[in-house]
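Every read-out reported here was derived from the displayed coordinates using simple, explicitly stated rules and does not represent laboratory data. Worth saying up front: this structure is predicted, and the values here are computed from it rather than measured. Backbone-built Cβ (ideal geometry, glycine too); neighbour counts: all protein chains shown.
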Amino acid sequence: MNLQEIKISDSARLLVVETDKFKKNILSMSAILPLGPGTTPLDLLFPKVLLRGTASCPTNASLKKRLEELYDARIVESGSYFGNSLKIGFTADFLSDRAVGSPVLEGVIKLLADIWQRPAVDESGLLRGNEVNLAKRAMRDAIRAEINNTAVYAANRCRELVCAGEPHGYSVTEAEVEEITAAGLTERYKKVRDSAYLTFFYIGPKPAGKVAELLAGAFPPASCCTGMQRPDITPSPDGVPEYKEASMPVSQAKLVMGFTTGGMVFSDSPEYYAMCLAAEIFGGTPSSKLFVNLRERLSLCYYCGAYYENLKGIIYVSSGIDTKSREAARAEVLAQLDELRAGHITTAELDAALLSVVNSYRQIEDSPYSILSFCFGRGMLGLDCSPENFIKRIKQVTIDDIKKAAERIRLRAEYFLAARGGGEAECDE
Amino acid sequence: MSEVKWFESPTLGERYCKITSPRRPAIYVFPKDLTNTYALVAVKYGSVDRKFKPDGKADFIEVPDGVAHFLEHRMFTDEDGNDIFEHFAALGADANAYTSYDRTVYYFNCTENFEEAFGLLLHMVAHPCFTDEQVSREQGIIEQEIRMYDDEPEDVCYQNLLAAMYHVHPVRVNVCGTVASIAKITPGLLYDCHRTFYSAGNMVIIICGRVDYGRVAEIVDANIPLSGAAEPLRFAYEEPAEVVLRRVTARRQVSKPVFAIGIKNTDISPDPVARLREHLLQRVLTRMIFATSGELYNSLYDKELITAPFAYSYDAVPSGSFSHVIASGSAENPDKVFERTAEYITALCRRGIDKADFERCRRVVLSRIIGRFDSTERIAHSMIDPAFRGIDIFEEQPVLEGLTKEDAEMLLCRFYKEDKFVLSVVLPKGDHS
């Protein structure tokens with residue numbers, strides 16, 4: 001897999017994986033911005049408003065119909081945390097020109113440029129007040145709806161504990177959303193549009209030079225851009241463990257434990273690869289220590305797994321358990337971590353984890369979204385983008401390396417959401 | 001002696017073969033030049049198969065709810081009591097399974113050791129091992145799974161909707177069963193169900209990727225005993241056309257009400273091709289009615305009745321035992337959304353469909369059919385329904401292209417009858433509106 005980079009202007013670049021393997025192709029557009037109160041609520045909201053209409057397709061219906069005419073092309077906004085930074089932008093997927101015999105890519109680029117540069121505005125040039133209010137309402141609803149999914153709710157509370165005081169520990173509040181005005185949002189949108197450095201990523205059969213030419217024509221240089229903004233991936237430091245608990249009227253409790261990794265974030269160091277494999281053996285697969293012991297041996301949960309947030313150097317362990325099993329579950333998680341630290345790793349465990357990682361990394365080239373997901377972070381951080389290199393490096397990891405990696409893992413926070421009774425009896429009407 | 005028949009789609013640039021032989025499951029091999037290979041075994045056995053004649057028995061028996069799903073969980077243990085996930089992991093294969101209303105599907109993908117992993121999958125499906133101790137432990141795990149789903153308001157809303165739509169058809173019951181029903185499951189019952197449903201004539205095998213199709217049949221023969229058993233005899237439920245209730249509510253921990261609107265249909269053609277046609281027409285129709293490009297969504301959004309798109313689907317099993325449309329979301333006033341949706345559809349029936357809308361939405365469905373041929377996983381799973389129906393997956397495109405606006409209008413008026421609309425709502429706790 002060959003990743004090409006082409007400069008489009010002083011304020012934009014294009015990353016390309018040229019491949020004719022897929023009928024469906026991807027074009028994403030991203031900007032890296034600071035993360036935190038003040039700007040982040042605005043930066044997460046304005047892309048949603050931009051997707052509600054452009055000067056040429058002023059209504060949501062007309063814009064969505066235009067996408068349907070482009071053979072079901074989809075453009076979605078893609079705001080997410082990237083370490084201590086915020087990534088905003090749009091991701092488009094669409095059928096290749098060859099699959100349908102029509103210039104779909106050109107149509108998508110034109111529409112994306114309209115969305116970013118020429119949104120529908122009112123007579124004062126502001127993003128339309130009614131659309132801003134409706135988008136605010138949708139965003140407020142989404143914040144409130146976090147309690148609908150207790151696993152996500154508990155994971156976010158644990159993130160706030162582990163990363164307290166860091167940008168990554170920030171969560172947008174309803175009050176912040178309420179304060180947004182059409183004028184304030186328009187001002188912020190224009191500032192980002194005129195200053196942000198854009199990274200485009202295309203995965204498809206069109207030659208890179210041709211895609212760059214189309215993008216250069218559609219996206220003129222931003223007037224106030226001072227160059228590429230690199231994301232901040234400062235790791236979360238170790239610290240005294242924080243404990244917090246709450247309860248909700250649900251049937252199943254959630255236990256989320258956040259562990260720091262001694263500053264081990266995304267890099268090309270041997271220690272990083274060892275940490276990836278340690279997390280996999282700990283709780284990454286159905287043959288991991290957590291799954292085999294908490295679920296299969298002790299029947300404590302339906303799910304229990306570990307997830308390595310490599311842009312912050314944190315390992316999260318999440319499980320759904322009975323409230324009364326809290327102590328047993330946390331004790332077993334810590335016991336399994338001790339096993340890892342002691343290097344009690346069987347050859348079968350190591351081989352299974354390694355094969356699982358190798359299997360999933362080999363498959364990256366089988367899907368445009370996997371390519372985007374794998375290459376985007378590396379491309380943003382200037383790291384090698386070859387899955388083969390990753391596989392080669394991870395195969396060099398030894399049990400002793402994993403033991404050393406596990407020794408860096410420290411409990412930093414524990415969030416427990418107790419269940420105090422589930423649903424009330426249904427009342428049929 | 002095997003018969004190999006190839007099917008091709010010049011427009012998609014794809015082809016696959018079907019390998020058949022008496023007393024062996026039908027095998028479908030879809031060559032795809034990607035890094036990974038995906039294989040699955042789909043057994044025609046799901047949660048709705050709760051009343052049937054066991055292999056060799058004269059009378060129907062009724063089993064506790066959740067047996068098919070329980071059986072699927074327990075299949076991942078070998079004769080020595082070892083976890084078969086570990087065997088897959090040792091081969092670098094990522095395996096899993098799921099149970100739905102009408103099927104149990106076991107699958108894996110891998111980038112190496114395909115033949116060993118494929119043999120392991122087949123052997124596992126054909127050679128169960130159930131003990132009292134394992135069944136007891138599994139009851140604890142599945143109880144946690146049931147509790148997890150009971151906390152998911154969308155799932156509760158969906159289950160209640162089906163129970164309000166169907167009087168007797170077992171689709172009204174949760175695939176996992178209940179804590180009480182799974183407590184009745186024993187190793188003997190699991191063996192009976194396995195013997196009845198896991199026969200060669202009641203399953204299909206699908207492989208997609210870089211694979212030697214000649215070797216596939218050999219591996220199947222080495223691991224799955226040949227069986228002359230036909231499809232098991234299932235009890236045919238006489239489901240009334242009427243719905244049970246027009247509105248059903250529950251309370252859970254939600255920020256605002258979650259709703260699901262269901263439209264029930266019991267007028268189902270016995271012909272598999274007619275059912276495919278209806279399936280495709282419904283995909284076009286539901287797109288026209290519920291998508292974010294449509295009049296209904298935009299009018300509800302503009303009036304602040306909803307803030308997020310509908311999730312919508314047409315659900316019908318290949319056996320034709322049930323079919324319905326479901327659209328769901330969240331809203332402060334679900335009754336108003338329900339009322340507006342019913343009004344909109346009734347008006348649409350009266351005024352007819354806009355031709356441009358029909359053509360655009362058909363193009364969307366066509367694009368989705370084309371787009372799924374990029375992934376071994378999507379191809380393999382997409383082939384299950386056609387395989388169960390006994391039709392060629394490449395028939396979808398020409399059938400879709402042959403549909404007309406008038407076909408859609410006829411189906412719209414036949415299917416979307418106002419008295420078949422049901423509303424299920426999950427209200428926030430403490431909100432007694």
- Straight distance only, please: which lysines reach the Cα of A:Lys312 with their own Cα at less than 17 Å, same-chain residues fewer than 8 apart left out? A:Lys87
- Message: Give the residue list of chymotrypsin sites (Phe, Trp or Tyr not before Pro) in region A:5-106 that are DSSP loop and have at most 16 other beta-carbon atoms within 10 angstrom.
- Response: none
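Taking all pairs of distinct Cα atoms, average 1/r, flip it, and tell me the Kirkwood hydrodynamic radius of region A:15-103 in Å to one decimal place. Intermediate values should be presented prior to the final figure.
Numbers: mean 1/r = 0.0679 Å⁻¹.
Evaluated on region A:15-103, it is 14.7 Å.
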- Computed over region B:3-234, the relative contact order (Cα-Cα under 8 Å, seq sep at least six) in percent reads 34 percent
- Query: Among A:Lys244/A:Lys324; B:Lys303/B:Lys336; A:Lys136/A:Lys190; A:Lys24/A:Lys64; A:Lys64/B:Lys420; A:Lys21/A:Lys395, which pairs are too far apart, with a Cα-Cα distance over 21 Å?
  - Reply: A:Lys64/B:Lys420; A:Lys21/A:Lys395
- What FRET efficiency would be calculated for the residue pair A:Asn133, B:Glu3, taking the C-beta separation as r and a Förster radius of 45 Å, to the nearest 0.05? 0.10
- Task: With springs only between Cα atoms under 10 Å apart, run a GNM on chain A and tell me which of A:Ala331, A:Ala135, A:Ala92 wobbles the most.
- Result: A:Ala331
- Message: Can you sort B:His167, B:His381 from fewest to most other Cβ atoms within 10 Å of each residue's own Cβ?
- Response: B:His167, B:His381
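How many percent of Cα pairs in the protein assembly as shown exceed 43 Å?
In whole percent, the long-distance tail amounts to 32.
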- Query: Rg(Cα) of region B:247-428 divided by 2.2 N^0.38 Å?
  - Reply: 1.07
- Partner lysines for B:Lys51 [C-alpha distance under 24 Å; skip if fewer than 8 residues away on the same chain]: B:Lys184, B:Lys264
- Spin-label pair B:Asp59/A:Val240, simplified geometry with 7 Å Cα→Cβ offset, distance in nm: 7.1 nm
- Task: Give the angle, between 0 and 90 degrees and rounded to the nearest 10, that separates the Cα long axis of helix B:114-126 from the longest principal axis of the Cα atoms of chain B.
- Result: 80 degrees
- Message: Could you tell me what a quarter of the Cα convex hull surface of chain B works out to, in nm² with one decimal place?
- Response: 21.6 nm²
- Can you figure out the FRET efficiency of A:Ala183 with A:Arg118, using R₀ = 22 Å and their beta-carbon distance, to the nearest 0.05? 0.70
- Note on the structure: Taking the reciprocal of mean 1/r across every pair of different Cα atoms in region B:215-265, the Kirkwood radius in Å is 17.3 Å
- Item | More than 27 angstrom apart: percent of Cα pairs within region A:202-360 | 42 percent
- Note on the structure: Note on chain B: contact order normalised by length, alpha-carbon pairs under 8 Å, 6 or more apart, percent, works out to 21 percent
- Task: Would you please give the residues with an amide H less than 5 Å from that of A:Ile314, counting only those at least 5 places away or on a separate chain, with H modeled from the backbone geometry?
- Result: A:Glu309
- Task: Calculate for the protein assembly as shown the 222 nm mean residue ellipticity that helices alone would give, adding -39,500 (n - 2.57) per DSSP H run of length 4 or more and normalising by residue count, nearest 500 deg cm²/dmol.
- Result: -12500 deg cm²/dmol
- Task: Provide, as a two-decimal number, the C-alpha radius of gyration of region B:160-233 over 2.2 N^0.38 Å, N being how many residues it has.
- Result: 1.59
- Of the convex hull enclosing the alpha-carbon atoms of region A:333-428, the direction-averaged projected area in nm² is 11.6 nm²
- Task: Could you grab the relative contact order for chain A? Cα pairs under 8 Å, six or more apart, rounded to a whole percent.
- Result: 21 percent
- Task: Pop out the ³J(HN,Hα) list for region B:275-289 in order, Karplus 6.51 cos²θ - 1.76 cosθ + 1.60 with θ = phi - 60°, rounded to Hz; leave Gly and Pro as x.
- Result: 5, 4, 4, 5, 4, 5, 4, 5, 5, 5, 5, 5, 4, 4, 7
- Note on the structure: For region B:56-99, listing GluC sites (Glu not before Pro) in a DSSP loop whose Cβ sees at most 16 other Cβ atoms within 10 Å gives B:Glu79
- What FRET efficiency, computed as 1/(1 + (r/R0)^6) with R0 = 45 Å and r the Cβ-Cβ distance, is obtained for A:Asp384 and A:Lys324, rounded to the nearest 0.05? 0.40
- Query: What number, in nm² with one decimal, is the all-direction average of the projected area of the convex hull of the alpha-carbon atoms of chain A?
  - Reply: 23.1 nm²
- Return the long-range amide H neighbours of A:Leu70 (sequence gap of 5 or more, or a different chain), with a cut-off of under 5 Å between placed amide H atoms. none
- Task: Give a residue-ordered list of calculated ³J(HN,Hα) values for region B:24-34 (Karplus: 6.51 cos²θ - 1.76 cosθ + 1.60, θ = phi - 60°; whole Hz; x for Gly, Pro).
- Result: 10, x, 5, 10, 10, 10, 10, x, 8, 8, 10
